[in-house]
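A short worksheet on the structure shown next.
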Amino acid sequence: MNWYVVYVQSKKEKKVADVLQQMQIEVYCPLIKEVRQWSDRKKTIESPLFKSYVFVRLHDKDRSNVFSVPGVVRYLFWLGQPAIVRDEEISIIKKWLEDDSIEEITLHKLLPGDEILIKNGLLKDKKAVIQEIGKKRMRLALPGLNIIINAKIKDVV
């Protein structure tokens, strides 16, 4: 059995996860606690870590079963195939969320203008500024060396 990523309608993550569980499908919807401020009060709520996504663990032949649940839109695909999340990655997410020493988790997309540190290759430990992001490649400017690089995303971050 594999973990798949299901894209769901906005703000329906918890409801979809509950219905999938009732259908005896193993589901994981990572939740984080957030303090929300209203005009008259503060309240701690649980909201999904990944907006519009839930993880389901099932056999490939059973993937169509999730479409009977209201709010399910589609599977997330990677390179023309349904995206598969490794068990280790799900375990890491669970471990982070259970760790009391981590107070806040936020997700950020890489955007043009962001500064990054190259971790591998000939330019290891060099700072670069993102100029353009594609599906598999990224254009980076290295101001210290006065050059521009086209790099595979996997190799950069």
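The values are calculated or read from the model by the stated rules, or taken from the named source; none is laboratory data. Everything quoted here is computed from the prediction, not taken from an experiment. A quick note on method: Cβ atoms are made from the backbone with ideal geometry, for glycine too, and the neighbour counts reach across all protein chains shown. What goes into the accessible areas is simple: the full protein's heavy atoms, side chains included, and nothing from ligands, DNA or RNA. Shrake-Rupley method; radii C 1.70, N 1.55, O 1.52, S 1.80 Å.
Screening W78 with (1) open to solvent by 50 Å² or more (accessible area, probe 1.4 Å); (2) over 15 Å from the mean Cα position of the chain (by Cα); (3) at pLDDT below 85; (4) not charged (D, E, K, R) gives one miss only, at (2).
Does V66 satisfy being aliphatic (A, V, I, L, M), more than 18 Å from the chain's Cα centre (by Cα) and loosely packed, with under 10 Cβ neighbours inside 10 Å? Considered against the rule, which asks whether it is aliphatic (A, V, I, L, M), more than 18 Å from the chain's Cα centre (by Cα) and loosely packed, with under 10 Cβ neighbours inside 10 Å, V66 comes out as no.
In this structure, S52 qualifies as surrounded by 15 or more Cβ atoms within 10 Å (Cβ to Cβ) and within 16 Å of the chain's Cα centre (by Cα). Applying the criterion of at least 3 residues that are in contact with a strand residue (DSSP E or B) (Cβ under 8 Å, 6 or more places away or on another chain) and more than 21 Å from K11 (Cβ to Cβ) to the strands (runs of 3 or more DSSP E) found wholly in the range 32-132 leaves 115-117. Being touching a helix residue (DSSP H, G or I) at 6+ places or on another chain (Cβ under 6 Å) and of a type in the set (V, I, T) narrows it down to one residue among V16, V5, V54; which is it? The conditions single out V54. Filtering the range 94-125 to residues that are open to solvent by 90 Å² or more (accessible area, probe 1.4 Å) and at pLDDT 75 or above leaves K95, W96, E98, L111, E115, K119, K124, D125.
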